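The values are calculated or read from the model by the stated rules, or taken from the named source; none is laboratory data. Since we're looking at a predicted model, the values are computed, not measured. Because the Cβ atoms are built from the backbone with ideal geometry, glycine has one as well, and the counts that use them run over all protein chains shown.
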């Protein structure tokens, strides 16, 4: 089972073989292939950026403009589902609530 799935198991609905786990596995598969995601930054409007997950699932990679950015997933202290952060509230997309998440990063 994926390390990411292991880290996201925090509710009873995430039991092995459950719908949440299937959704997570599908998201991981899509990210390994590469996917455009709507990225909310600290400044400006949200932008679609190409994201991909390293094959070993240790790094999330995306392009911001022409610059490649990396996030080591070992630095992610928690993942918050939904759109409950102030950044999301600037440009709410209620129809995408179930597909939204936020990384909390410890440095």
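Scanning segment 42-57 for residues that are farther than 15 Å from residue 27 by Cα and in contact (Cβ under 8 Å) with a residue 24 or more places away in the chain yields 42, 45, 46. When residue 82 is tested against (1) closer than 22 Å to residue 52 by Cβ; (2) within 14 Å of the chain's Cα centre (by Cα), just one condition goes unmet, and that condition is (1).
Tell me which residues, restricted to segment 77-100, are in contact with a strand residue (DSSP E or B) (Cβ under 6 Å, 6 or more places away or on another chain), surrounded by 12 or more Cβ atoms within 10 Å (Cβ to Cβ) and either under 17 Å from residue 36 (Cα atoms) or without any contact (Cβ under 8 Å) to a residue 60 or more places away in the chain (or both).
Scanning segment 77-100 gives 78, 80, 81, 85.
Give the residue that is surrounded by the most Cβ atoms within 10 Å (Cβ to Cβ), with candidates limited to residues of segment 25-46 that are within 23 Å of residue 86 (Cα to Cα) and touching a strand residue (DSSP E or B) at 6+ places or on another chain (Cβ under 6 Å).
37
With the condition being modelled with pLDDT of 80 or more and at positive phi, I'd like the strands (runs of 3 or more DSSP E) fully within the chain carrying at least 1 qualifying residues. Show your work before the answer.
Numbers: elements: 35-39, 47-53, 59-64, 67-72, 76-81, 101-105.
By residue number, no strands (runs of 3 or more DSSP E) qualify.
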